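Enquirer: Handing you this structure, nothing more for now.
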């Protein structure tokens, strides 16, 4: 049996335990999010292995209570509750409604397990200390205290990652940065320091940024811009090297800007005038006309003789290295960036291609992706459609906001961000290696790369919804590929029909198809003798219990899980939504 119906479990353990019953204890564990609950059809279920883990705790606690009675009961359903995993340790928890650091929800499992193993240890003076506030630990075991301190140290390190310079970049869908402490702490229970993490669908690289603090990390994704972002969140770089690389980039970029100005300089002069003008109804009308007048690919009104973006783009479709680089100026001027900003992006992109060292080039490109993501005027944090759906709806307030953001110099922000990322890299223990997606290709590549590695855990953070990420972030992917793609619709999105955008197997309205895709990834991981940590939220389209059940049917593996509550921030500035994030381990037997 994999799952146990919750109502069956509660009936089975409706027995006395001090002044309460085991069923009451289980209810408290559920309310405190210490025992993960899943939904299978109309029924709530729990994993058998998760229950066994806590029954051991309950038995140990009963023995400890008999030998060392404490005031109250084993678990109090009032203000505080206690877990007594051994005769020398007691963990005092806050009430079930108190929100703790996300790392607590994974860390407490390991602390309880360790304390059980130290049962009967030499009894030194009692030590009481703050765990994850307001939880506290009372113990006579030095090793238990050290265990808790290591967890807290990890959580503090990850908190600094969460608040880093990169974290202040524009929002990425599905980012794990808000619960990074929970994921890293869960991973620490499974993987020794000598092990390796494969972040198989790394997205913005948030999880990789935490993993690389403790383990060698390999990041992969279907989209190239994602691996660029992951790379610049790892170790192996420093501020001094960044300064040298910036010194190599700027002369190339400045020369390129001067040359492209000869093509679009008149538009930049008009744009600069807007930056230094008061926002009046007349300026709003003039800015609307300016938007209409600046020609872009593939639709133009009246191009200047020296600037014909259609001709420039068609020529570069067969050779994207032609000078000058003009992809962003041709496609996205006055759309996601200002005209001058687009020329700066093209110039920096050209200058980065002139770097000889692959590592320098990758870091500079990652910094440029982060810069464009931060400064672009996108709709609800993504690029599926332009922020200005209709020029007729441009109000004075919207124009003021656009001009404020489009006046910001791309090159200056790039240099600041590159330097900051390089400085943060000095705090990461391991560089992040990258391999190309999709995931099946990545697993094969990693099998050769990690042939002699005994401990490998694949972290799986697959899409929760049928969101088409290649549509939402096509501007960033185009920046990396720089391949002058087709433009489809108002968002000027590459054409999926001719293979310019890859379609993920998770982009489906069919729930069973999405669940089958998840089962396939986890099964292929286990077949290689590796282990898998799958994170997923109860708000996702797939049924978590259904996926777990199917994996166990086709693979001989062990399983355990953790759960943490957190607030998920959706696109478009909507109110945060309360969700439960699950971390499910599939381990080799």
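Enquirer: Which of the residues that make up region 490-516 are farther than 30 Å from residue 546 by Cβ and in contact (Cβ under 8 Å) with a residue 60 or more places away in the chain? Let's see the steps before the verdict.
Expert: Taking region 490-516 first, the residues farther than 30 Å from residue 546 by Cβ are 490-495, 497-500.
If the condition is that a residue be farther than 30 Å from residue 546 by Cβ and in contact (Cβ under 8 Å) with a residue 60 or more places away in the chain, then 490, 491, 492, 493 are the ones that fit.
Enquirer: For residues in region 188-205 being surrounded by fewer than 22 Cβ atoms within 10 Å (Cβ to Cβ) and under 17 Å from residue 158 (Cβ atoms), which is nearest to the chain's Cα centre (by Cα)? Talk me through it step by step, then tell me what you get.
Expert: The first filter runs over region 188-205 and keeps only residues surrounded by fewer than 22 Cβ atoms within 10 Å (Cβ to Cβ), leaving 188-195.
Then drop every residue that is not under 17 Å from residue 158 (Cβ atoms), which leaves 188-191, 193.
Numbers: 188: 18, 189: 20, 190: 20, 191: 20, 193: 22 Å.
Here the residue is 188.
Enquirer: Can you tell me which of 106, 121, 102, 125 is at pLDDT 85 or above and part of a loop (DSSP other than H, G, I, E, B)? So that I can check it myself, show each step before the final result.
Expert: Numbers: 106 fails: part of a loop (DSSP other than H, G, I, E, B); 121 fails: at pLDDT 85 or above; 125 fails: at pLDDT 85 or above.
Just one listed residue meets the conditions, 102.
Enquirer: Restricting the first residue to region 547-563 and requiring it to be assigned by TED's automatic domain parsing to the domain that holds residue 30, which pairs with a second residue that is buried (at least 19 other Cβ atoms within 10 Å of the Cβ) meet a Cβ separation below 9 Å and a spacing of at least six or different chains?
Expert: none
Enquirer: All but one of (1) at pLDDT below 80; (2) not in a helix (DSSP H, G or I) hold for residue 66, so report the exception by its number.
Expert: Condition (2) is where residue 66 drops out.
Enquirer: Further, regarding this structure: Looking at residue 560 and the list (1) at pLDDT 95 or above; (2) buried (at least 17 other Cβ atoms within 10 Å of the Cβ), which single condition is not satisfied?
Expert: So the condition that residue 560 fails would be (1).
Enquirer: Starting from region 23-34, take each residue that is in the same structural domain as residue 93 (by TED's automatic domain parsing) and crowded, with 21+ Cβ neighbours inside 10 Å and list its partners that are assigned to a loop (DSSP other than H, G, I, E, B) and at pLDDT 80 or above, counting only C-beta distances under 6 angstrom and pairs at least six apart or across chains.
Expert: 29/35
Enquirer: Of all residues in region 245-296, which are touching a strand residue (DSSP E or B) at 6+ places or on another chain (Cβ under 7 Å) and under 15 Å from residue 394 (Cβ atoms)?
Expert: Result: 294, single match.
Enquirer: Taking residue 384 and the conditions (1) buried (at least 18 other Cβ atoms within 10 Å of the Cβ); (2) modelled with pLDDT of 95 or more, which numbered condition does it fall short on, given that it satisfies the others?
Expert: (2)
Enquirer: How many residues, within region 443-472, are modelled with pLDDT of 90 or more and assigned to a loop (DSSP other than H, G, I, E, B)?
Expert: 4
Enquirer: Specify the residue that is surrounded by the fewest Cβ atoms within 10 Å (Cβ to Cβ); the eligible residues are those in region 206-221 that are in contact with a strand residue (DSSP E or B) (Cβ under 9 Å, 6 or more places away or on another chain) and part of a loop (DSSP other than H, G, I, E, B).
Expert: 214
Listed here are the residues, each with its yes/no results for (1) closer than 23 Å to residue 486 by Cα; (2) in the same structural domain as residue 399 (by TED's automatic domain parsing); (3) at pLDDT 95 or above; (4) in contact with a helix residue (DSSP H, G or I) (Cβ under 7 Å, 6 or more places away or on another chain).
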residue	(1), (2), (3), (4)
273	no, yes, yes, no
287	no, yes, no, yes
293	yes, yes, no, no
311	yes, yes, no, no
330	yes, yes, yes, yes
335	yes, yes, no, no
345	yes, yes, yes, yes
360	no, yes, yes, yes
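Enquirer: Name, by its number, the condition in (1) in a strand (DSSP E or B); (2) buried (at least 20 other Cβ atoms within 10 Å of the Cβ); (3) at pLDDT below 90 that does not hold for residue 112.
Expert: (1)
Enquirer: Taking the conditions exactly as written (at pLDDT 95 or above and more than 21 Å from residue 330 (Cβ to Cβ)), does residue 253 satisfy them or not? Reasoning before the result, please.
Expert: Details: at pLDDT 95 or above: yes; more than 21 Å from residue 330 (Cβ to Cβ): no.
Criteria not met by residue 253.
Enquirer: Right, here's the next one. Could you check, for region 450-462, whether at least one of its residues is surrounded by 14 or more Cβ atoms within 10 Å (Cβ to Cβ), within 19 Å of residue 235 (Cα to Cα) and out of contact with any strand residue (DSSP E or B) (no Cβ under 6 Å at 6 or more places or on another chain)?
Expert: There is no residue in region 450-462 that is surrounded by 14 or more Cβ atoms within 10 Å (Cβ to Cβ), within 19 Å of residue 235 (Cα to Cα) and out of contact with any strand residue (DSSP E or B) (no Cβ under 6 Å at 6 or more places or on another chain).
Enquirer: Let me ask you something else. Is it the case that residue 256 is in the same structural domain as residue 329 (by TED's automatic domain parsing) and crowded, with 18+ Cβ neighbours inside 10 Å?
Expert: Yes.
Enquirer: Kindly state which helices (runs of 4 or more DSSP H) lie completely within region 246-358 and contain at least 1 residues that are closer than 17 Å to residue 414 by Cα. First the steps, then the outcome.
Expert: Values: elements: 281-293, 309-316, 327-331, 339-353.
Hits in region 246-358: 327-331, 339-353.
The values are calculated or read from the model by the stated rules, or taken from the named source; none is laboratory data. The model shown is predicted, which means the values in this text are computed figures rather than measured ones. Here Cβ is always computed from backbone atoms with ideal geometry, including for glycine, and neighbour counts include all displayed protein chains.
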